[in-house]
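The values are calculated or read from the model by the stated rules, or taken from the named source; none is laboratory data. Predicted model, so just to flag it, every value in this text is computed and none were measured. Cβ sites come from the backbone with ideal geometry, for glycine too, and all protein chains shown count toward neighbours. Please note that ligands, DNA and RNA were not included when accessible areas were found on the heavy atoms of the full protein model with its side chains. Shrake-Rupley method; radii C 1.70, N 1.55, O 1.52, S 1.80 Å.
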Amino acid sequence: MKALRLPPANFRVKNTEKGRLIFDPIRKKFVQLQPEEWVRQHIIQWLITYKQVPISLINVEKQLIIAGTSKRYDIVVFKPDASIEIIVECKAPSITIDQSVFDQIARYNLAVKSTYLMVSNGMEHYFCTMDYDNQRYNFIPDLPEYSL
């Protein structure tokens, strides 16, 4: 897999007849190692190690219903009261982050009302806060360290 612009991390990877698998500490199982999954696993480790997010407050690949349509978010970080602190959209390194990616996470966020948004393809990372009154996102340089 391609080297990413994220801190190095230790992963459990194995080769099987189904291909390469990587262990996801959130789902507690091995999952298919695809380019987007490589980015997702790096971001999970970055959230845990560098942003001090408790592993118990991270959720991965769950369904959302938005305007009657089923969607799946990549990563969410909860607050202790079960509201959502961060929603993360991961893309493969070969995918350019453009307006359509921001529109996608903004649509997801209409359902979850997250404090922070993050979009990454492992090479470029964008962080935003939401201005709900004016229905727009504001870019920030980084996510703050998690605090309970």
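Key figures for this structure:
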{"read-out": "Highest average packing first - 3-10, 38-45, Cβ atoms within 10 Å", "value": "38-45, 3-10"}
{"read-out": "C-alpha long axis of helix 35-49 to longest principal axis of the chain, angle in °", "value": "70 degrees"}
{"read-out": "Computed over the chain: relative contact order in percent, which uses C-alpha pairs under 8 Å that are six or more apart", "value": "19 percent"}
{"read-out": "Accessible surface, the range 59-121, averaged per residue in Å² (probe 1.4 Å)", "value": "45 Å²"}
{"read-out": "Carbon and sulfur %, accessible surface of the range 17-118 computed with the full protein complex present, 1.4 Å", "value": "51 percent"}
{"read-out": "Debye, to nearest 20: dipole size of the chain, +1 on Lys, Arg Cβ, -1 on Asp, Glu Cβ", "value": "640 debye"}
{"read-out": "Out-of-range pairs (alpha-carbon distance over 29 Å; input K29/K79; K18/K113; K29/K51)", "value": "K18/K113"}
{"read-out": "Phi to ³J(HN,Hα) by Karplus 6.51 cos²θ - 1.76 cosθ + 1.60 over the range 130-136, Hz, x for Gly, Pro", "value": "9, 9, 5, 5, 9, 6, 8"}
{"read-out": "Accessible area of the range 2-58 divided out per residue, in Å², using a probe of 1.4 angstrom", "value": "58 Å²"}
